[in-house]
Amino acid sequence: MPNEKTASTFEESVERLEELIEAMESGDIPLADLVAKFEEGSKLLKSCQKQLKESEIKIEKLNLKTGELEPFEEDES
């Protein structure tokens, strides 16, 4: 299906987030557009966080199999 939306890669999402931040910081956009960009950015951020967590879990599982590295520790800050 040509209209089917595909998931963005982590790198594409980060790049889009950077574009949104630049646009929002410029101060040259109407409030309605600012809110829409903020909503899009929030969704992208959540997606990036999910992808990072999934990658972290995969790495920990690989580490448990090989026993070479210690598991990630949660950042308490």
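The values are calculated or read from the model by the stated rules, or taken from the named source; none is laboratory data. Since we're looking at a predicted model, the values are computed, not measured. Neighbour counts run over all protein chains shown; Cβ positions are idealised from the backbone, glycine included. Note: accessible area is taken over every heavy atom of the protein model, side chains too, but ligands, DNA and RNA are not part of it. Shrake-Rupley method; radii C 1.70, N 1.55, O 1.52, S 1.80 Å.
Pairs linking a residue in segment 50-76 that is under 21 Å from Phe10 (Cα atoms) to a residue that is at pLDDT below 85 and surrounded by 10 or more Cβ atoms within 10 Å (Cβ to Cβ), with Cβ atoms under 7 Å and 6 or more positions apart or on different chains, are Glu56/Phe72; Glu60/Pro71; Glu60/Phe72. Within segment 59-73, if we keep just the residues that are assigned to a loop (DSSP other than H, G, I, E, B) and open to solvent by less than 100 Å² (accessible area, probe 1.4 Å), the residue that is modelled with the highest pLDDT turns out to be Gly67. Looking at Met1, Met24, just one residue is at pLDDT below 90 and not small (Gly, Ala, Ser), and that residue is Met1.
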